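The block underneath contains the structure these notes are about, expressed in structure tokens.
The values are calculated or read from the model by the stated rules, or taken from the named source; none is laboratory data. Note that the coordinates shown come from a computational prediction; the quantities given were computed from them, not determined experimentally. Positions of Cβ are backbone-derived with ideal geometry, glycine not excepted, and every protein chain shown enters the neighbour counts. In case anyone asks, the SASA skips ligands and DNA or RNA and just uses the protein heavy atoms, side chains included. Shrake-Rupley method; radii C 1.70, N 1.55, O 1.52, S 1.80 Å.
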Amino acid sequence: MSAAYFSETYAQARRRFLEAARERSAEIDSYRHARQGAEGEELALDTALLGASDADRLFIISSGTHGPEGFSGSACQLALLNDELSRRAGESGIGLLLVHAVNPFGFSHLTRTNEDNIDLNRNFNDFGRPYPPNPVYEEIHSLLIPPSWPPSEDNEAALALAMTRLAGQRSPGVSSGQNRHPDGLFYAGTGPSWSNRTIRSILQRYGRNRRHIAWIDIHTGLGPYGHGEKIFGRHGAETTARAKAWWGADLIVSTAAESVSPRTAGYMMACCREECPGIAITHSTMEYGTLPSPQVRHALRGEAWLAGHPDAPDDIAGAIRRAARDAFFVDADDWKGMILGQFRAFALQTINGLSTS
């Protein structure tokens with residue numbers, strides 16, 4: 001049954017999400033993207049609001065911040081639309097806002113980044129200030145993005161040696177973000193992306209005039225197969241204590257050594273405090289493991305290389321796209337069941353926490 005909530009393409013996922021939201025009489029909004037999808041389809045970031053529009057507590061669940069990670073996030077949202085938990089939230093005086101496909105371009109085209117090769121979880125910055133330098137990334141940029149694809153054996157060996165040498169450097173690390181190489185990995189951009197501006201407008205519309213906002217952003221690609229790590233950022237003592245009371249002892253602070261998450265600059269959920277000042281905010285990322293890290297990194301390198309070589313032969317481009325999809329979505333029933341089971345527990349904890357906040 002769990003597998004039934006997973007879609008094969010962005011277009012299918014969007015259609016199913018909107019159909020389910022209409023069946024629940026949700027308030028639906030669609031923010032159209034200027035580009036087309038891989039199948040020539042319309043691209044959009046869609047939202048569905050359930051419950052009282054003036055509820056003083058709001059539970060946000062977002063998907064697809066990193067393109068093909070949307071396969072799992074969309075499935076979680078679709079499952080919740082068909083779950084009594086979403087009704088329980090409304091009965092508890094909680095508004096439920098589902099944000100579907102933060103990065104619709106990447107979801108459709110099977111690339112973790114957006115149409116400008118921007119990593120959206122590095123893009124929510126104050127662009128009036130210099131972006132933090134990342135000397136660790138600078139050391140290996142030329143190795144990460146080889147001149148041809150697939151990489152040569154010499155390139156692979158040199159990169160493996162460099163990654164071993166740099167292992168453990170987390171502040172910043174290779175994946176923390178950078179804004180000097182538009183053709184590179186973890187590129188932050190030089191200004192707010194379309195998704196950045198759209199998310200902020202959604203928060204301005206739905207997030208203000210609330211008393212408390214909880215937000216879960218669903219990701220895949222890091223950690224052990226199928227395991228969902230609850231990642232929590234650096235916050236004040238009161239917010240941290242509340243998060244641990246809601247989500248349990250397995251909540252991992254992203255700055256802790258044991259976290260699978262890198263220390264990043266410009267992650268999306270940080271903008272919630274900017275757009276909704278004076279409101280209690282409790283947010284967390286759910287990160288599900290897929291493949292071993294070297295395979296995920298290889299997929300990321302491939303999509304970055306392809307972004308700089310749009311005229312690559314179809315066979316090479318197709319292989320890169322398939323590798324990106326496989327790195328962030330495991331098409332196996334056991335994995336799908338693990339994702340939805342852990343998500344439901346996380347959503348239940350959040351609803352219970354908001355109900356008593």
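The table for this structure:
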quantity	calculated
Matching entry among 348, 306, 354 (being at pLDDT 95 or above, within 30 Å of residue 208 (Cα to Cα) and open to solvent by less than 20 Å² (accessible area, probe 1.4 Å))	354
Residues within region 96-139 that are at pLDDT 95 or above, buried (at least 16 other Cβ atoms within 10 Å of the Cβ) and within 18 Å of residue 182 (Cβ to Cβ), tallied	17
Residue within region 34-51 that is β-branched (Val, Ile, Thr) and touching a residue at least 40 places away in the same chain (Cβ under 8 Å) present	yes
Pair list, Cβ under 8 Å, 6 or more apart: region 262-287 residue at positive phi, other residue surrounded by 21 or more Cβ atoms within 10 Å (Cβ to Cβ) and not β-branched (Val, Ile, Thr)	266/121; 266/122; 266/123; 266/124; 266/125; 266/177; 266/188
Whichever residue in region 186-209 is open to solvent by 30 Å² or more (accessible area, probe 1.4 Å) and part of a helix (DSSP H, G or I) and, among such residues, is nearest to residue 104 (Cα to Cα)	194
Among the residues listed as 312, 319, 324, 304, the single one being free of Cβ contacts under 8 Å to residues at least 24 places away in the same chain and of a type in the set (Gly, Ala, Ser)	319
Tally, over region 192-247, of residues that are hydrophobic (A, V, I, L, M, F, W, C) and under 15 Å from residue 62 (Cα atoms)	9
Residue count for region 210-231, restricted to those that are open to solvent by less than 10 Å² (accessible area, probe 1.4 Å) and of a type in the set (Ser, Thr, Tyr)	1
Verdict on residue 290 being β-branched (Val, Ile, Thr), surrounded by 16 or more Cβ atoms within 10 Å (Cβ to Cβ), touching a strand residue (DSSP E or B) at 6+ places or on another chain (Cβ under 8 Å) and under 26 Å from residue 353 (Cα atoms)	no
Among residues of region 320-340, those that are assigned to a helix (DSSP H, G or I), out of contact with any Asp or Glu (no Cβ under 7 Å at 6 or more places or on another chain) and surrounded by 14 or more Cβ atoms within 10 Å (Cβ to Cβ), counted	11
Which numbered condition residue 52 misses (of (1) over 30 Å from residue 186 (Cβ atoms); (2) open to solvent by less than 50 Å² (accessible area, probe 1.4 Å))	(2)
Residues satisfying the stated conditions in region 1-23, i.e. crowded, with 18+ Cβ neighbours inside 10 Å and more than 21 Å from residue 108 (Cβ to Cβ)	none
Boolean, residue 149 is part of a loop (DSSP other than H, G, I, E, B) and among the aromatic types (Phe, Trp, Tyr)	yes
Condition met for residue 158 (open to solvent by less than 70 Å² (accessible area, probe 1.4 Å), in contact with a Leu (Cβ under 6 Å, 6 or more places away or on another chain) and within 30 Å of residue 78 (Cβ to Cβ))	no
